[in-house]
Structures are given as structure tokens and as C-alpha cells.
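These notes are about the structure you will find just below.
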Amino acid sequence: MKFLVVTNAPTLKIDDSYQAYSPYVKEMDIWSDYVDDFKIISPTTYGQNLLKTSFKNQPKVTSIPSLNFSTVFSTLRSLFYLPVIVFRLIKAMLWADHIHLRCPGNIGLIACILQVFFPNKVKTAKYAGNWDPNAKQPLSYRFQKTILSNTKYTKKMTALVYGEWPNQTKNIKSFFTATYRNQDRVVPVIRDYTKALEFVFIGSLVTGKRPLLAIQIVEQLLSLGVTCKLQVFGDGVLKPKLQQYIDDKQLGNSIVLHGNKTSETVKTALQSAHFTILASKSEGWPKALAEAMFFGVIPIATSISCVPNMLDYGKRGILIAPNLEEVVSKIVLALESKQALVSVSRLASDWSQQYTLDVFESEIKKLLKF
């Protein structure tokens, strides 16, 4: 089988090895295990730091320019390169037996349109964004969702989306992503919620993830006399400002910015943490929550995308709005019933441990008709 991946994610050539964003590589290594020829068409340059890993199964790579419409200059540049991108996408799609689109994104948008002209090709699309029909999203995102859902024009397509949503077309399949194997399943330790509490934040230090809110939540709990600490794992443009905030507020003994750490280091932290905070503005399937829940960490997360499904509308965690006082009040209220928190922790773990890489691999094989 000739398997084509179309993606915005940059594929970078480093020391004779193709590399890309680590979680994406981990997933594509599974897909590529079950195909004969593996090709990626994507941009091949990236101007920022990236947590990257080499592909286990090295792909053939077709380079295309990235598309950006944020400024007049970038729009003109993108329009100039658009015919080249379309030509290379068509050529790659003609080559492929199975076309796999990674959406949403500008390259994904062009690919969504072009795949209509290949009705006899088997196709899958991984929609990694928010599939909520009522979500406020850019027009390009809504257009991609419309095309993928339209079974009149989009043939032989299975679109993989996060969450359970009403009134979906037959080609929409609720899906998931995973980090751990069946062998990683453990009975989580029963936490003591009467003593010092450990909070974690795992994610990029960018505006969309609201890391400052996580810091302020712990700051407010400390001011109320709750003994607690926060470990922040991740890096990003906000790191200097966040560190300055911690220093100015003299919170260094309770809040630590670790930066990017290995998966084993994060895993160790999760095995003892009480709560994880993720107050994102937007998500697809937040792996940071699923990974924490796997070990019984109680999630505190904004009610967006499929997060309410993941938390079973509050039975497996604490759903919040991005309001500091409201969040702190909910946490303080939850801490009044320590036994209930033990139950929430167990439910979170039971749910997350259903979604392992072994199960994920089994589902991928079905999609590739093995």
C-alpha cells in the first residue's frame, strides 16, 4: 500500500534523518508500520524550537511551502506559491493508494478540496481540533469540517474526530489518541487529600493554554491556607514572563517551571500528583489530561471541545470556566469531601486506561483494512 500523509506539520531533515513534532511522529510510526510505501507532503522548514523525534520508518518527503494569510505580504506570498502546492498535492494523491489528511490547517484545507476529485481513493482524515458544531472557529476550520462531513462530495473517507457529537454523517468516527501501552496500566496510588497537595501543568507556555491562570489558582489557594505546590512542565514564549511573575510574588518555593522534560520525568510526577490544571482556550483531544488521568490525577479543565466527554461532565474531574475566583471556589468545595475525590481519581484512571497505544494500533489496522 502506498500511504500518503498531507500535513501542515513541518518535516525536518536533520543529520540524514527526517524528524517532526514528537507526539505526531509517535502516532505516524504506528500508521507506517502497516504500509509498504510511506510518503509525507508538508513544509520542510520551521523557524521556531520544536520538540522533535526521528521517524522510526523514514518517509519519502515532498516539500511544499507553508501557507500563511496573517499579513498582506504573507498572503501575497502564499497566493504566489499556491499553484505549486496544488500541483504537488495532485501528483502525490495520484501516487497514493490511501490518502491521510491532517486537519485543520491551511494545507489541510487545500487537500480537503482536492480529495473530492479522487472519489475512488481510500481516505482518512485526522481532525485534531475542536469538532464541536457550536464552537466559534475561523471560517477555514468550519469549511474543512463541512467538506469532511459531506458524503455527497467526499467519498471513501473516514474522518476521525474527538468527542461524541449529535447528528453526524456516517463517515465521522469518534476517535482518541494515546500515550501509554497496556503494560503501563497500574492501579493508581490512593492519594491523601488532607495533606500537602501537588498540582501539575503540562503543556506549551503560550496564551492559548493559559499557564498564568494555573499559577494564579495555586497562588490563591496558598493565600487561603491550602498547602500546595505546582510543577509546570513545558516551554514557550511566556516562560520569561511567568518566571518574572513567580519571582515578583515570591512563589518560588511553591511553583517551579521545569521546562520541557522527558516523558519518564513527567510520568514520575503524575504518579504522585493530586490535580492537573489545563485551562485552555481551545483543544482537540488534550493528551495532557488523558495522560494525567491514566495515573489517577484529577483534571481541572475548561469545558471545551471533548473535555466534558472526557470528564463525564464532572464525574471524572472538575470542569471550569476561565474565571479565577470561580475555579478556586470549586476546588475548595471539592476538598471538603476527601472521599469523593478518591472516587473521582479512580473513575478518571478507569476511563483513561481504556485508551492505550495497543487499542489505538488495533483501530489503525482496521482503518487500513488489515
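Scan the stretch 254-273 and report the pairs whose first residue is in contact (Cβ under 8 Å) with a residue 12 or more places away in the chain and within 18 Å of residue 179 (Cβ to Cβ) and whose second residue is of a type in the set (Asp, Glu) and part of a loop (DSSP other than H, G, I, E, B), with Cβ atoms within less than 8 Å and a gap of 6+ or a chain change.
Close Cβ pairs satisfying both conditions: 260/235.
Only one of these is among the hydroxyl-bearing types (Ser, Thr, Tyr), touching a Phe, Trp or Tyr at 6+ places or on another chain (Cβ under 8 Å), surrounded by 15 or more Cβ atoms within 10 Å (Cβ to Cβ) and within 27 Å of residue 226 (Cβ to Cβ): 352, 345. Name it.
352 is the lone residue from the list that is among the hydroxyl-bearing types (Ser, Thr, Tyr), touching a Phe, Trp or Tyr at 6+ places or on another chain (Cβ under 8 Å), surrounded by 15 or more Cβ atoms within 10 Å (Cβ to Cβ) and within 27 Å of residue 226 (Cβ to Cβ).
Out of all the residues in the stretch 305-333, which are among the small types (Gly, Ala, Ser) and either surrounded by 24 or more Cβ atoms within 10 Å (Cβ to Cβ) or touching a strand residue (DSSP E or B) at 6+ places or on another chain (Cβ under 6 Å) (or both)?
Within the stretch 305-333, just 317 meets the criteria.
Might you check whether a residue that is under 24 Å from residue 50 (Cα atoms), open to solvent by less than 50 Å² (accessible area, probe 1.4 Å) and assigned to a loop (DSSP other than H, G, I, E, B) occurs anywhere in the stretch 243-253?
No, the conditions are met nowhere in the stretch 243-253.
Whether any residue in the stretch 293-304 is more than 28 Å from residue 136 (Cβ to Cβ) and either surrounded by fewer than 21 Cβ atoms within 10 Å (Cβ to Cβ) or aliphatic (A, V, I, L, M) (or both) is what I want to check.
Within the stretch 293-304, the subset more than 28 Å from residue 136 (Cβ to Cβ) is 294-298.
From what's left, either surrounded by fewer than 21 Cβ atoms within 10 Å (Cβ to Cβ) or aliphatic (A, V, I, L, M) (or both): 297-298.
Yes, the stretch 293-304 has at least one match.
Step by step: first the residues of the stretch 206-230, then only those that are part of a strand (DSSP E or B) and open to solvent by less than 60 Å² (accessible area, probe 1.4 Å), then the one that is farthest from residue 271 (Cα to Cα). Which residue is that?
Here the residue is 228.
Quick check on the stretch 132-140. Is at least one of its residues farther than 25 Å from residue 355 by Cα, of a type in the set (Gly, Ala, Ser) and touching a residue at least 40 places away in the same chain (Cβ under 8 Å)?
yes
Take the stretch 25-46 and flag every residue that is closer than 21 Å to residue 65 by Cα and at pLDDT below 95.
45, 46 - these are the residues of the stretch 25-46 that are closer than 21 Å to residue 65 by Cα and at pLDDT below 95.
Which condition breaks for residue 354 when tested against (1) polar (S, T, N, Q); (2) at pLDDT 95 or above; (3) part of a helix (DSSP H, G or I)?
(3)
Filter the stretch 174-187 for residues that are charged (D, E, K, R) and assigned to a loop (DSSP other than H, G, I, E, B); which is nearest to residue 104 (Cα to Cα)? Outline the logic, then answer.
From the stretch 174-187, those charged (D, E, K, R) are 181, 184-185; that's our starting set.
Add one more test, that the residue is assigned to a loop (DSSP other than H, G, I, E, B), and what stays is 181, 185.
Details: 181: 27, 185: 32 Å.
Here the residue is 181.
Of all residues in the stretch 84-116, which are among the aromatic types (Phe, Trp, Tyr) and touching a residue at least 12 places away in the same chain (Cβ under 8 Å)? Before the answer, list the steps.
Of the stretch 84-116, the ones among the aromatic types (Phe, Trp, Tyr) are 87, 95.
Hit for the stretch 84-116 is 95, nothing else.
Quick one: count up the residues across the stretch 188-205 that are open to solvent by less than 70 Å² (accessible area, probe 1.4 Å) and either outside any strand (DSSP E or B) or among the acidic types (Asp, Glu) (or both).
Of the residues in that region, 9 qualify.
Against the conditions (1) out of contact with any strand residue (DSSP E or B) (no Cβ under 9 Å at 6 or more places or on another chain); (2) open to solvent by 30 Å² or more (accessible area, probe 1.4 Å); (3) without any contact (Cβ under 8 Å) to a residue 60 or more places away in the chain, where does residue 338 fall short? Just the number, please.
(3)
Out of everything in the stretch 6-27 that is of a type in the set (Ser, Thr, Tyr) and not in a helix (DSSP H, G or I), what residue ends up being most open to solvent (accessible area, probe 1.4 Å)?
The first filter runs over the stretch 6-27 and keeps only residues of a type in the set (Ser, Thr, Tyr), leaving 7, 11, 17-18, 21-22, 24.
Remaining after also requiring not in a helix (DSSP H, G or I): 7, 11, 17-18, 21.
Values: 7: 6, 11: 0, 17: 22, 18: 50, 21: 106 Å².
Applying the filter and picking the extreme gives 21.
Check every one of the helices (runs of 4 or more DSSP H) wholly within the stretch 260-326 and list those with 2 or more residues that are more than 13 Å from residue 352 (Cβ to Cβ) and in contact with a Lys or Arg (Cβ under 7 Å, 6 or more places away or on another chain).
Where helices (runs of 4 or more DSSP H) fall fully within the stretch 260-326, none carries at least 2 residues being more than 13 Å from residue 352 (Cβ to Cβ) and in contact with a Lys or Arg (Cβ under 7 Å, 6 or more places away or on another chain).
Which ranges mark the helices (runs of 4 or more DSSP H) fully within the stretch 55-173 that have 3 or more residues being modelled with pLDDT of 95 or more, of a type in the set (A, V, I, L, M, F, W, C) and open to solvent by less than 50 Å² (accessible area, probe 1.4 Å)?
72-95, 106-115
Among the residues of the stretch 278-319, write down those that are under 15 Å from the mean Cα position of the chain (by Cα), within 20 Å of residue 333 (Cα to Cα) and not polar (S, T, N, Q).
Selection gives 278, 279, 301.
The values are calculated or read from the model by the stated rules, or taken from the named source; none is laboratory data. Just so it is clear, the model here is predicted, and its values are computed rather than measured. Using ideal geometry, Cβ is built from the backbone for each residue, glycine included, and neighbour counts are taken over all protein chains shown. Surface areas here come from the heavy atoms of the whole protein model, side chains and all, with no ligands, DNA or RNA. Shrake-Rupley method; radii C 1.70, N 1.55, O 1.52, S 1.80 Å.
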